[in-house]
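Just below is one structure, and these are the notes that go with it.
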Amino acid sequence: VLTNPRYILNCDTLRYNNVARTAYFLGPTDIRTKDSRMYCESGRYNTELQRCSFTLHPYLVSGGQLLRGDSIYYDQQKGLGKAYRNVSIYDSSRQLIVRGDFAEYHQQTDTAWVTGSAELVQFDDHDSLFMHARWVAACNEAELAIYPGGAHGFTLFPNALAMKAEAKMHAFMRQVLA
């Protein structure tokens, strides 16, 4: 365990280069600051520049968001995280997961973006918008319609939004069954 005014580092195996001011992590490593937590099983951290690069099972937790990827780069001074390959961002407050090939997270503005085969999974209890993709992957015809403001089961209540959704469902069924 290494305690510093800026962070607490708990590492299985650590090598430190005094000239480069860089710590090399060769086993499970957990770095905690007052605002974030970083984990990896292989990587490095420049203590002077406050920049790290994690390459084995890395993740970064900050502000209710969890960033994962095959590799993660994080600049603590800028509050900038970048993840590469097999990326996912889990946001507990918005109840969503965004997946893709590359992600960038800005801690100060609490914003992130994902590119490369990006997909959004928004969930509430046991439902998700990912059902459409699974249905298409099973070689079925599918059409995704999102109705902001429509609660679960909203088509059971007679209102304009429900009637619009019902009409779209019936038109789709007529097309598929024709």
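The values are calculated or read from the model by the stated rules, or taken from the named source; none is laboratory data. A quick note: this is a predicted structure, and the numbers were derived from the prediction, not measured. Don't worry about glycine lacking a Cβ; one is built from the backbone with ideal geometry, like all the others, and counts go over all protein chains shown. Calculation scope for accessible area: heavy atoms of the full protein, side chains included, ligands and nucleic acids excluded. Shrake-Rupley method; radii C 1.70, N 1.55, O 1.52, S 1.80 Å.
Filter region 45-62 down to the residues that are open to solvent by 60 Å² or more (accessible area, probe 1.4 Å) and farther than 20 Å from residue 27 by Cβ and list them by number.
Taking region 45-62 and keeping what is open to solvent by 60 Å² or more (accessible area, probe 1.4 Å), we get 48-49, 51, 55-57.
Correct list: 48, 49, 51.
Taking residue 145, is it modelled with pLDDT of 80 or more and in contact with a helix residue (DSSP H, G or I) (Cβ under 9 Å, 6 or more places away or on another chain)? Explain how you work it out, then say what you get.
Numbers: modelled with pLDDT of 80 or more: no; in contact with a helix residue (DSSP H, G or I) (Cβ under 9 Å, 6 or more places away or on another chain): yes.
So residue 145 fails the test.
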With respect to residue 45, determine if the residue is more than 16 Å from residue 104 (Cα to Cα) and of a type in the set (Phe, Trp, Tyr).
yes
Residue list for region 86-99, restricted to those being modelled with pLDDT of 85 or more and loosely packed, with under 12 Cβ neighbours inside 10 Å:
none
Kindly provide the set of residues from region 9-22 that are at pLDDT 90 or above and closer than 15 Å to residue 51 by Cα, ordered by number.
16, 17, 20, 21, 22
Just need a number here: residues in region 1-43 that are open to solvent by 80 Å² or more (accessible area, probe 1.4 Å), under 17 Å from residue 79 (Cα atoms) and assigned to a strand (DSSP E or B).
1
Among the residues of region 103-124, how many are within 22 Å of residue 80 (Cα to Cα) and either touching a Cys at 6+ places or on another chain (Cβ under 8 Å) or open to solvent by less than 40 Å² (accessible area, probe 1.4 Å) (or both)?
5
